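To keep things clear, I will list the structure first and then write my remarks on it.
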Amino acid sequence: MLTLGINYTRMHDSSACLVRDGELLFAIAEERLSRLKHDADFPKLAIQACLDFAGIKAIQLDDVCFGWPTPGPGYRHDLKCFASGKLPATFNNVLTSSLHFVSMTRQRGGAKRFEQNFGATRARMRFVDHHFAHALSTFAYSGFDDAAVVVMDGRGAFEATSIWHGRDGRLEHVLTIPFPDSVGFLYSEFTEFLGFHRNSDEWKVMGLAPYGEPGVDLRAFIEVETGSDALPCRVHSRMLQPRGGSLFPEMIKRFGAARVGESEITQRDKNIAFAVQEACEAAMMSVVRVAMTKTGSRNLCMAGGVALNSKANGKIAAAGLIDKIFVQPAASDDGVALGAAMVPYLDGGGKSPKREMRHAYLGTSFDDEAIEATLRTYKLRYTQVADAAEPAAELLAQGKILGWFQGRMEFGPRALGARSILADPRDPEMNAKVNNAVKFREWWRPFAPSFKKEIAGEYLESATDSPFMILTAQVRPEKRAVIPSVTHVDGSARPQTVEKEINPLYWRLIDGFGRRTGVPVVMNTSFNLRGEAIVNTPTDAVRTFFSSGMDYLVIGNFVVEK
């Protein structure tokens, strides 16, 4: 059985994946191919990439599964919220919601766009409830027989938070909290208030938060713990919404004017970020407590955009509430394609295949012939090597900053040693060097360490099994001065643990760096410039390399020097 999973709503992060007989073959976000970050258009390039990888035509698909229901439920929920006052019934709000409904209805939820781009198909077109697709996207790939499943995002069709019980390959619904009572909505609105872009720059708030101090009172906006199993936390969404043509009126009344983008970061901004992150962590903990109580499980799966909050995830993992945690690497909306593609296996009382996901290398790849053709096209000087790991390790030990382009591209927002920029974590100035001269991004943004999995416990107090860089942990106090450029201001790190069996080339690089320096850890950040999608092709890699302050590009078995 061949199943195509799709995320498409004209909002953000369109994507596609291909599953054959329960095995995930390929997954990619549209942005990597279109080069438009968070691309919301119909994912025709991503779908074509899925088909090309398997060498098939669309007519051979058995099911095409969208990770959203048909347009009606979301529109009806908006109308109810307008009528009840939960959402401001302004002309612009009603018009925007109505136009989106009409557009998606004309497209038959995306089915018409599929047929226009790929022709007639015998495949069944399926439309999956958004939070169900999220929940299945994490439980089906967790390897767990039994787990509490928590989904938290800005909004689905009508959902904001949901709890499920995963057992024996199936999901049982436990609880749903509808939008706009949404922790994700609160976080995104404060992201915009702080001068960043909602549904894109939430990472910046999380990175800025440790520079703040307690003291900002958000109780008017959120109750992080209500004591109610039916509503573990409550967001006062009316306080977040525009009124009388004014954005953020309640925030402005309490905290002053919204920050203008690209302006100076003040201590007030840092303190607000601290409070928002703290509230998010506490609210997530409240939901998880209820989930564990209601399901009786000791395993936790999480999905939704809020589940990308690695700091909160790390605290949940270390809190003693659970035995095991799994957050799939594309927990935001691009990842619902993974869950949607598993839905046909539930037909007739069936079960989703049990597939433990240990890596995210699910995208495109380029062999040495294709890479060398690109290097020759641009008339670049390069050296061919037998094993890229050793020269890369030597260059890193010399303090060089590398572009690292190897194997299949990662699925999800994190670079995990396939499309990465690498540097020496021992240099206390390396964080500033890479932020300023390579990534061209804000000074407070932290970088992540990649560890050999077997030594992670020597450096970290927890999160020693973190292949997707989606949990934070405290760096052991005696190691913070050893790896200062990947230790955040609060002593934390967002680690990736690398297994020799999963990514042998990257493991050998880290091992080689460790043999030269005594520190088997490298600084790892995504291979892109600020505001751009992570590189996909050799051409993307070459352009980005020559547009930044990287010293060398190690691409396939070739080393390129400026």
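Derivation of every value follows stated rules applied to the coordinates shown; laboratory data play no part. Please read all numbers here as calculations on a predicted model, not as lab measurements. Don't worry about glycine lacking a Cβ; one is built from the backbone with ideal geometry, like all the others, and counts go over all protein chains shown.
Restricting attention to the chain, close to 70% of DSSP beta bridges with both partner residues there are antiparallel.
A simple packing score, the average count of other Cβ atoms within 10 Å per residue, orders the peptides 365-373, 472-480, 77-85, 408-416 as 408-416, 472-480, 77-85, 365-373, with the highest score first. Per residue, the average separation of C-alpha pairs within less than 8 Å and at least 6 apart gives the range 165-298 a relative contact order of 32 percent. Scoring 462-471, 441-450 by mean Cβ neighbours within 10 Å over their residues and listing the highest first yields 462-471, 441-450.
With a ≥ b ≥ c the root eigenvalues of the C-alpha gyration tensor of the range 1-109, is it rounded (a/c under 1.5), prolate (a/b larger than b/c) or oblate? Taking the square roots of the gyration eigenvalues as a ≥ b ≥ c, the range 1-109 is prolate.
In summary, the aspartates and glutamates within cross-link reach of K453, defined as a Cα separation below 12 angstrom excluding same-chain residues under 8 places away, comprise D465, E499, E501, D511.
Each part gets one Cα centre, and for the range 293-321 versus the range 526-562 those centres are 35 Å apart.
If a/c stays under 1.5 just call it rounded; otherwise compare a/b with b/c (prolate if a/b is bigger, oblate if not). Do that for the range 386-504, with a ≥ b ≥ c from the square roots of the Cα gyration tensor eigenvalues. Rounded is the answer for the range 386-504, as its axis ratio a/c remains below 1.5. For the chain, the alpha-carbon radius of gyration amounts to 0.94 times the rule-of-thumb value 2.2 N^0.38 Å expected for a compact globular protein. When all alpha-carbon pairs of the range 470-562 are counted, what percent fall beyond 17 Å? Roughly 63 percent, rounded to a whole number. Excluding residues fewer than 8 places away in the same chain, name every one of the lysines whose C-alpha is closer than 23 Å to that of K562. Qualifying lysines at Cα under 23 Å: K379, K400, K433, K439. By the gyration tensor of its Cα atoms, with a ≥ b ≥ c the square roots of the eigenvalues, what is the shape of the range 280-439: rounded for a/c under 1.5, prolate for a/b over b/c, or oblate? Judged from the Cα gyration tensor, the range 280-439 comes out oblate (a/c at least 1.5, b/c at or above a/b). Excluding Q48 itself, what net charge comes from residues whose Cβ is under 12 Å from its Cβ, given Lys and Arg +1 and Asp and Glu -1? Net charge in that neighbourhood comes out at 0.
With the highest mean first, a sort of the peptides 131-142, 192-203, 99-110 on other beta-carbon atoms found within 10 angstrom per residue produces 131-142, 192-203, 99-110.
Distance between the modelled labels on E356 and R516, one decimal in nanometres: 3.4 nm (7 Å Cα→Cβ projection). List residues of the range 530-562, by number, whose backbone nitrogen lies under 14 Å from a label position 7 Å along Cα→C-beta of Q398. Correct set: 551-554, 559-562. For the range 161-272, the equivalent ellipsoid derived from the alpha-carbon gyration tensor has semi-axes of 30, 16, 14 Å in decreasing order. The length gained on full extension between T266 and R441, counted as 0.36 nm times the residue separation minus their Cα-Cα distance, comes to 61.3 nm. Counting only DSSP H runs of at least 4 residues, each contributing -39500 (n - 2.57), and dividing by the residue count of the chain, the helix-based mean residue ellipticity at 222 nm comes to -9500 deg cm²/dmol. Here each label is just a point 7 Å from Cα along the line to Cβ, and for D217 and A230 those points are 2.9 nm apart.
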